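Here the structure comes first, spelled out in structure tokens, and everything after it is commentary.
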Amino acid sequence: MIKNDLKYYDLRASSWWEEGQVLHLSNHFNQTRFTYASNHLANWQNCRVLDVGCGGGLACEFMARLGARVSGIDRSKNSIEIAQAHAKQSELQINYQQGNAEDLPYQQNSFDCVVCFDVLEHVYNRNKVISEIYRVLKPGGIFFFDTINRTFQSKLVMIWLMENILRQLPQGLHDWHNFIQPYELEKILRDLGFIQIELKGFDVTNGGSLKILFQILTQGLKEYHKDGLFPIKLNDDLSVCYIGKAVKC
């Protein structure tokens, strides 16, 4: 079985904006992501923002509605086409293009903010990706990200439960060895020159609550979300997923 199989995003691109579909769950995460981000970036109006790994454009449209000037890039051609079509339908001006995070086609010091959600655990050269993000950020610009820790708990939840048992995610979508321990990510950020680094737990299981894990197991991820559950908490538990920010010096 191929691991970290990113063909899924091309094959399922049409489902980015379909309520109840797995890829659309990112829209639910965005509520918490941008509540967190707005604590550090108070004014999005006319802020020039890049979404690295933008998928079908859910986060891009969220930021555009906050008044930001948004660009999005993704390696999935089909996802970019879906993002462009949906932005046109929504009458939002967003600059999308297909490309690789390891070689961003933007000038140095171009953006006030870069977001990179649910991406770093999929790339093969994260040092290069984060270096490119640092390059295109303006001095004082903010980098927001979330990713998955490489722990027993993350293997249990993301691989065994979500992929192998529930089949809520396709088998092989993730490679546990690509998950990033917080100290590894902090070192990359500091070595590049990022300052004011902060990491917070992005907890969708209420601290690994057996009750919530059982609900996901018995109902499935989509039904669990549809029932109005799926609480997301920001806390100090980095054992599965975590969110954070860093500032370009």
If TRP44 meets every condition in (1) more than 18 Å from the chain's Cα centre (by Cα); (2) surrounded by fewer than 17 Cβ atoms within 10 Å (Cβ to Cβ) apart from one, which number is that one? (2)
Working only within the range 57-93, note down all residues that are outside any helix (DSSP H, G or I) and either touching a Lys or Arg at 6+ places or on another chain (Cβ under 6 Å) or closer than 19 Å to PHE143 by Cα (or both). GLY57, LEU66, GLY67, ALA68, ARG69, VAL70, SER71, GLY72, ILE73, ASP74
For the range 113-127, pairs from a residue that is without any contact (Cβ under 8 Å) to a residue 60 or more places away in the chain to a residue that is polar (S, T, N, Q), with Cβ under 6 Å and 6 or more apart or across chains, are GLU121/THR147; GLU121/ASN178
Taking the condition of being surrounded by fewer than 16 Cβ atoms within 10 Å (Cβ to Cβ) and within 21 Å of ALA59 (Cα to Cα), how many residues in the range 104-157 meet it? 2
Could you tell me how many of the residues in the range 32-51 are in contact with a Gly (Cβ under 7 Å, 6 or more places away or on another chain), part of a loop (DSSP other than H, G, I, E, B) and at negative phi? 2
At pLDDT 95 or above, closer than 25 Å to ILE148 by Cα, hydrophobic (A, V, I, L, M, F, W, C) and not in a strand (DSSP E or B): is that true of PHE29 in this structure? no
Since CYS54 meets every condition but one in (1) assigned to a helix (DSSP H, G or I); (2) among the hydrophobic types (A, V, I, L, M, F, W, C); (3) under 19 Å from HIS122 (Cα atoms), which condition does it not meet? (1)
Among the residues listed as ALA64, ALA59, ALA13, ALA37, the single one being farther than 17 Å from VAL114 by Cα and surrounded by 19 or more Cβ atoms within 10 Å (Cβ to Cβ): ALA13
Report yes if CYS54 is crowded, with 22+ Cβ neighbours inside 10 Å, in contact with a strand residue (DSSP E or B) (Cβ under 8 Å, 6 or more places away or on another chain) and free of Cβ contacts under 8 Å to residues at least 40 places away in the same chain, otherwise no. no
Scan the range 68-89 and tell me whether some residue there is under 27 Å from ASP203 (Cα atoms) and in contact with a His (Cβ under 9 Å, 6 or more places away or on another chain). no
So, in the range 79-98, of the ones that are closer than 18 Å to ASN27 by Cβ and of a type in the set (S, T, N, Q), which residue ends up surrounded by the fewest Cβ atoms within 10 Å (Cβ to Cβ)? GLN89
Name the residues in the range 105-136 that are in contact with a Leu (Cβ under 8 Å, 6 or more places away or on another chain) and hydroxyl-bearing (Ser, Thr, Tyr), would you? TYR106, SER110, SER131, TYR134
Which of the residues that make up the range 9-26 are in a helix (DSSP H, G or I), under 19 Å from ILE73 (Cβ atoms) and not acidic (Asp, Glu)? TYR9, ALA13, SER26
Looking at the range 105-112, can you tell me whether even one residue there is outside any helix (DSSP H, G or I), farther than 26 Å from LEU234 by Cβ, out of contact with any Asp or Glu (no Cβ under 7 Å at 6 or more places or on another chain) and modelled with pLDDT under 95? no
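The values are calculated or read from the model by the stated rules, or taken from the named source; none is laboratory data. Please read these numbers as outputs of a predicted model, since none were measured by experiment. Counting neighbours? That spans all protein chains shown, and the Cβs are built from the backbone with ideal geometry, glycine included.
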